[in-house]
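See structure below.
No lab work stands behind these numbers, since they all come straight from the coordinates. Fair warning: this is a prediction, and the values are worked out from it, not measured in the lab. Because the Cβ atoms are built from the backbone with ideal geometry, glycine has one as well, and the counts that use them run over all protein chains shown.
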Amino acid sequence: MISNTMEAALNKQIELEAYASFLYLSMASWCDKEGLNGCAAFMHRQSDEERQHMLKIFHYISEVDGYALTPAIAQPPHQFESVQKLFEQVYEHEKGVTRAINHLVELSNKEDDYTTLNFLQWYITEQREEEALMRSILDKIKLIGSGPMSLYYIDQEISSINAAQLKADNAEGA
Ligand code: FEO
């Protein structure tokens, strides 16, 4: 049985993951509008992934006899200055998610809730990977620079990163 405090904190995390899913969906739409099909596909996959992160917590709360709540989701932004700014925003968001996960770990320790502590290990690894991925994308964008063909090359690059991610996800699920 989960404590009320832990249950509320996990429900808050559901909200954060759901917001991330909507934020990335909004970014996918902007990328599509800009003709950045590789970036759009990447953002759609990220959005689906965030929904899975949300559902994982949702099911966990039910499993430990808590009550998972469907969150209200704030409207994400629809306008982005540039593809670089967009990925900078993603990176900042992911750093925020990492802080939230760390807070949950701290709370589960404080509450001697080792079941939740164990459950959260998956998220710690996931956040390390997400942050590293976004950092590497930002490095690539900076490396390509802002020449006349830069958007084309950035989109190509993100497209191949997306293909590699899909392959890794499929291998994980196999
Ligand atoms: Fe589920 Fe990318 O945080």
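For segment 62-78, residues that are under 14 Å from N11 (Cα atoms), assigned to a loop (DSSP other than H, G, I, E, B) and of a type in the set (S, T, N, Q) total 1. Going residue by residue through segment 12-22, is there one that turns out to be within 12 Å of the ligand (Cβ to nearest atom) and either over 16 Å from the mean Cα position of the chain (by Cα) or free of Cβ contacts under 8 Å to residues at least 40 places away in the same chain (or both)? Yes; the residues of segment 12-22 include at least one that is within 12 Å of the ligand (Cβ to nearest atom) and either over 16 Å from the mean Cα position of the chain (by Cα) or free of Cβ contacts under 8 Å to residues at least 40 places away in the same chain (or both). Look at L69 and say whether it is within 12 Å of the ligand (Cβ to nearest atom) and surrounded by fewer than 16 Cβ atoms within 10 Å (Cβ to Cβ). Criteria not met by L69.
Scan segment 110-167 residue by residue and report those that are surrounded by fewer than 11 Cβ atoms within 10 Å (Cβ to Cβ), part of a helix (DSSP H, G or I) and charged (D, E, K, R). Within segment 110-167, K110, D139, K142, K167 qualify. With respect to G38, determine if the residue is part of a helix (DSSP H, G or I), within 11 Å of the ligand (Cβ to nearest atom) and among the small types (G, A, S). Spelling it out, it is not the case that G38 is part of a helix (DSSP H, G or I), within 11 Å of the ligand (Cβ to nearest atom) and among the small types (G, A, S). Of all residues in segment 41-56, those being more than 9 Å from the ligand (Cβ to nearest atom) and crowded, with 22+ Cβ neighbours inside 10 Å number 2.
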